[in-house]
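Here is the structure we will look at.
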Amino acid sequence: MHTQDILKNIKALADDTRLRLAYILWHYELSVNELVTILNMGQSRVSRHLKILTDAGLLQARRDGLWVFYKAVEEGENKEFLASIFGFITKEIQNDLDLASRMIEERAIKTRLFFNSIADDWDELNKEVLGDFSLPNEVRNSVPKNCKIAVDLGCGTGEVLEKLLEVSAMAIGVDGSPKMLDLARRRFNDNINKLANLSFRIGELDHLPLRDSEANFACINLVLHHLSEPKIAIDEIYRVLTPKGYVFISDFVQHKEEVMRKNYGDRWLGFSKDSLENFVTEAGFKVIKYKTQKVKMGLHLHLLIAQK
């Protein structure tokens, strides 16, 4: 790093608020409003400091519809520069990180409550978006032959699980919403034979209630855009799959429909093809198949299959 770059970075961080922002965003990606809450400052003041840090190359911004999210740079000399100074962070700034951590936890709780509240209407809401496209059939056709254990992550009301049981010896449904899992169980109450080969587990997708290498196939459908850190979930999927296991991912192509945040609790307004494939390959997967599918509301889906 050149002397001029070092001086530029030092100048950008030579302010208590900017140092605090950089440290928070080293750990989490957050919106301006979330940072305003953590720092208890006005939005214009926080935005000004974020601009200085971004212009210096210490932060990167991601626009998602009307929202803008910030995080520290993830590669290059500026990342190394930040890493070198954060070993000297004071307890006061550590308190900011504790607040941010609680905010992330509260966000997860709100998401869980949201899905509990709409569980009864979830299948109809899905039809409003997917129309005549049968995502469960698409998943079924992606399961490899002689699959022993297939897992549906964010299984909702269990529609995909029905299809997984047709092509695997055992299926596991994981969801963070107790109400969703209850509805999924009811779907199979009249079929004891299917229940014998079915397991329901409550848990978060960034810490799956599955053992290492437990499943041969995993699917995660229209879920990643609800998560704060989709990459963590994909890393977890890699952990729970057997060697040569497959994952099927469906999610929205990046769009600008803000109504999806309100009606469906979306955190991300979809993903670009590059960002989704980067999540997958950085976790260790190899992309095997990829295509897009047009659905309703002017939206499109990524349909991606990858192998461990």
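The values are calculated or read from the model by the stated rules, or taken from the named source; none is laboratory data. Note that the structure is a prediction, hence the values are computed from the model and not measured. Ideal geometry is used to build each Cβ from the backbone, glycine not excepted, and the neighbour counts take in all protein chains shown. Side chains included, ligands, DNA and RNA excluded: accessible areas come from the protein's heavy atoms. Shrake-Rupley method; radii C 1.70, N 1.55, O 1.52, S 1.80 Å.
Among the residues of the stretch 131-160, those that are of a type in the set (D, E, K, R) and either farther than 20 Å from Gly176 by Cβ or touching a residue at least 40 places away in the same chain (Cβ under 8 Å) (or both) comprise Asp132, Glu138, Arg140, Lys145, Lys148, Asp152. Contact map, the stretch 200-213: residues that are over 16 Å from Glu229 (Cβ atoms) paired with residues that are in a loop (DSSP other than H, G, I, E, B), Cβ distance under 8 Å, separation 6+ or inter-chain. Pairs shown: Phe200/Cys155; Arg201/Pro209; Arg201/Leu210; Ile202/Gly176; Ile202/Pro209; Pro209/Gly203. Would a scan of the stretch 256-271 turn up a residue that is surrounded by fewer than 17 Cβ atoms within 10 Å (Cβ to Cβ), modelled with pLDDT of 90 or more and assigned to a strand (DSSP E or B)? No, because not a single residue in the stretch 256-271 is surrounded by fewer than 17 Cβ atoms within 10 Å (Cβ to Cβ), modelled with pLDDT of 90 or more and assigned to a strand (DSSP E or B).
Taking the criterion of being under 16 Å from the mean Cα position of the chain (by Cα), of a type in the set (Phe, Trp, Tyr) and open to solvent by 10 Å² or more (accessible area, probe 1.4 Å), the only residue of the stretch 234-251 that qualifies is Tyr238. Of all residues in the stretch 291-308, those satisfying the criterion of being open to solvent by less than 70 Å² (accessible area, probe 1.4 Å) and part of a strand (DSSP E or B) are Gln293, Leu301, His302, Leu303, Leu304, Ile305, Ala306, Gln307. May I ask you to verify whether Ile118 is over 26 Å from Arg187 (Cβ atoms) and either acidic (Asp, Glu) or out of contact with any Gly (no Cβ under 7 Å at 6 or more places or on another chain) (or both)? No; evaluated as a whole, the condition is false for this residue.
The selection criterion, being in contact with a Lys or Arg (Cβ under 7 Å, 6 or more places away or on another chain), within 30 Å of Val160 (Cβ to Cβ) and buried (at least 17 other Cβ atoms within 10 Å of the Cβ), does not hold for Val73.
In the stretch 76-95, the residues that are farther than 21 Å from Leu7 by Cβ and at pLDDT 80 or above form no Cβ pair under 9 Å with any partner that is surrounded by fewer than 15 Cβ atoms within 10 Å (Cβ to Cβ) and of a type in the set (Asp, Glu), whether six or more places apart or across chains. Residues in the stretch 1-16 that are charged (D, E, K, R) and free of Cβ contacts under 8 Å to residues at least 40 places away in the same chain were compared, and the one that is surrounded by the fewest Cβ atoms within 10 Å (Cβ to Cβ) is Asp16. The set of residues from the stretch 17-33 being under 25 Å from Lys262 (Cα atoms) and surrounded by 20 or more Cβ atoms within 10 Å (Cβ to Cβ) comprises Tyr28, Leu30. The set of residues in the stretch 35-54 being without any contact (Cβ under 8 Å) to a residue 24 or more places away in the chain, farther than 18 Å from Ala100 by Cα and not hydroxyl-bearing (Ser, Thr, Tyr) consists of Arg48, Lys51.
Of the residues Gly42, Gly87, Gly57, the single one that is surrounded by 12 or more Cβ atoms within 10 Å (Cβ to Cβ) and of a type outside the set (D, E, K, R) is Gly57. Strands (runs of 3 or more DSSP E) fully within the stretch 104-208 that include at least 1 residues being open to solvent by 80 Å² or more (accessible area, probe 1.4 Å) and among the β-branched types (Val, Ile, Thr): 198-202.
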